[in-house]
Amino acid sequence: MPQFRLAVATRCFRQSLPASLQTASELHVQGVQFDLGSEVTSSGLTESGRRQFLHRMGELNLLVAGAVFPLTHPLTDGRELERRVTALRDAMTFAYAIKAPTLCCRVGRIPTDRESKERQLLVEILTDLARHGNHVGTVLCITPTDDSAEELTALVDEIKSGPLGIDFDPAHFAMTGRSSTEALRKLHAVVSHVQLRDGLRDFSGGSQEAAVGHGTIDWPEVFALLCEMDYRGWVTAVRTQGDDRPGDVARAVKYLRELLPGV
């Protein structure tokens, strides 16, 4: 029996937050993932509002599966670097306040030269953020940006100050011409969140996201590996492209349940 829990990313529904929570409840998932840049923000939620918000989720039998925080530039981009790092640190603190165990963020392509200034700066920033995560209780998870499993593992291994995880996105590996299952085997020790998202790469080298079950990902093998790993975190249905994102998320949930009855 799988030990992981199933969630949906409410930003895919393109509804108001109350309506998105109701939609998630009707899908009978266990949790929801929020975008802390646009959906649920610290400036838009007072202390009493936060309590009411969490109470409403409890009424709907939903947990906060995690959160995402989008950056407009790579984490190491020199433009407004301090402001960007501070915003991410504050988002981690707020994520903990709403009981999100992970905060997923795309930090930009990992510099492969370990001696480069860009790589050293990235390690320095992530060391500081991991230390902060260790203090507040929310794990920062890196969402890949054209990175290999080996590069991701090497980066995580360099961070010693606190927890740093990987937001495993099978679609990323499919769309960059890599094997999702081989990547998962290499990353299994550092995976803290998993996306239920599909993708494909065509013969000309182009790539695109696809509805779950319509891409090139071998989902039975992916979930067999997650069960073998005894993965106990969240698997979140996400759709970032397409004309019917809410429908595709609902169909992804259905697909997973047909594949793994009882989830």
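Structure notes:
- Which listed residue is farther than 20 Å from Val190 by Cα, part of a loop (DSSP other than H, G, I, E, B) and touching a residue at least 12 places away in the same chain (Cβ under 8 Å), from Val40, Val107, Val64: Val40
- Index of the failed condition, Glu124 passing every other in (1) in a loop (DSSP other than H, G, I, E, B); (2) surrounded by fewer than 17 Cβ atoms within 10 Å (Cβ to Cβ); (3) at pLDDT 95 or above: (1)
- For region 40-72, the set of residues classified as exposed (fewer than 13 other Cβ atoms within 10 Å of the Cβ) and within 18 Å of the chain's Cα centre (by Cα) consists of Thr72 only.
- Residue among Thr46, Thr102 that is free of Cβ contacts under 8 Å to residues at least 60 places away in the same chain and among the polar types (S, T, N, Q): Thr46
- Selection within region 144-155 - buried (at least 19 other Cβ atoms within 10 Å of the Cβ) and either in contact with a Leu (Cβ under 7 Å, 6 or more places away or on another chain) or closer than 25 Å to Phe34 by Cα (or both): Pro144, Asp147, Ala149, Leu152
- Qualifying residue in region 178-197 (condition: over 18 Å from Met229 (Cβ atoms) and modelled with pLDDT under 95): yes
- Arg11 in a helix (DSSP H, G or I) and in contact (Cβ under 8 Å) with a residue 24 or more places away in the chain: yes
The values are calculated or read from the model by the stated rules, or taken from the named source; none is laboratory data. Source: prediction; values computed, not measured. A quick note on method: Cβ atoms are made from the backbone with ideal geometry, for glycine too, and the neighbour counts reach across all protein chains shown.
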